[in-house]
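So the structure is just underneath, and the comments pick up after that.
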Amino acid sequence: AFDEVLDYEQALENLISCGFSTILTSGTFPNVMKGKEVLEQLVIQANNRIEIMPGGGLRSTNISELDELVNANFYHSSAIIDGSEIANPEEIIQLKKKLTLS
């Protein structure tokens, strides 16, 4: 729902004031790479008052680049890489590995 708001800066403040602890978002774009600049701004604005958890199109192939810019504490990925509904175990391992090396 957060990715559909018109004013993400105000929506962030509203969610903080309501007591939410985490926002799962792709930065108001179809995927995290297209929304990476917004994600960076959300993390800065949140200033540890709420967790910004980037998710949506997050893969082992882009997590390092995203983390370098966004620097979130947590990330979300389905780890589905083949169009099925099942997480790929190797993708999970690669995601962990890439984030640990960042």
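The values are calculated or read from the model by the stated rules, or taken from the named source; none is laboratory data. Keep in mind it's a predicted model, so treat the numbers as computed, not measured. Because the Cβ atoms are built from the backbone with ideal geometry, glycine has one as well, and the counts that use them run over all protein chains shown. Side chains are part of the model used for accessible areas, which takes the heavy atoms of the whole protein and leaves out ligands, DNA and RNA. Shrake-Rupley method; radii C 1.70, N 1.55, O 1.52, S 1.80 Å.
With all protein chains in place and ligands, DNA and RNA left out, the 1.4 Å accessible area ranks PHE29, PHE2 as PHE29, PHE2, largest first. Counting only Cβ charges, +1 for Lys and Arg and -1 for Asp and Glu, the dipole size of the chain around its Cα centre is about 280 debye. Once both axes come from the Cα atoms, what is the angle between helix 36-46 and the longest principal axis of the chain, in degrees from 0 to 90, rounded to 10? Between the helix axis and the principal axis of the chain, the angle is about 50 degrees. Our helix-only sum for the chain, with -39,500 (n - 2.57) per DSSP H run of n ≥ 4 divided by its residues, gives a mean residue ellipticity at 222 nm of -12500 deg cm²/dmol. Positive contributions from Lys and Arg (+1) and negative ones from Asp and Glu (-1), summed over other residues with Cβ under 10 Å from the Cβ of ILE81, come out at -2. A DSSP coil position with no more than 10 other Cβ atoms inside 10 Å describes the following GluC sites (Glu not before Pro) in the chain: GLU85.
Evaluate E = 1/(1 + (r/R0)^6) for ASN47 and HIS76, where r is the Cβ-Cβ distance and R0 equals 25 Å; express this FRET efficiency to the nearest 0.05. If you can, show how the numbers build up before the last one.
Numbers: r = 21 Å, r/R0 = 0.82.
For R0 = 25 Å, the calculated efficiency reads 0.75.
Only one residue of GLN41, ILE92, GLY57 has its Cα farthest out toward the positive end of the dipole of the chain, where Lys and Arg carry +1 and Asp and Glu -1 on Cβ, and that residue is ILE92. Spread over its residues, the convex hull of the C-alpha atoms of region 1-101 is 101 Å³ per residue. Overall, the accessible surface of region 1-51 at a probe of 1.4 angstrom is composed of carbon and sulfur to the extent of 51 percent. Heavy-atom accessible area for LEU99, with the other protein chains in place and a 1.4 Å probe, reaches approximately 60 Å².
Which value, in Å², gives the accessible area per residue of the chain when a 1.4 Å probe is used on the protein heavy atoms? Don't skip to the end; give the middle numbers.
Numbers: 6250 Å² over 102 residues.
Counting only protein heavy atoms, the per-residue value for the chain is 61 Å².
With the contact rule set at Cα under 8 Å and sequence spacing of 6 or more, what percent relative contact order holds for the chain? The partial results should precede the final answer.
Numbers: 154 pairs, mean separation 22.6, N = 102.
Once divided by the residue count of the chain, the mean separation gives 22 percent.
With all protein chains present, how much of the accessible area of region 55-102 (probe radius 1.4 Å) comes from carbon and sulfur, to the nearest whole percent?
Working: 1700 of 3110 Å².
Solvent-exposed carbon and sulfur of region 55-102 make up 55 percent of the total.
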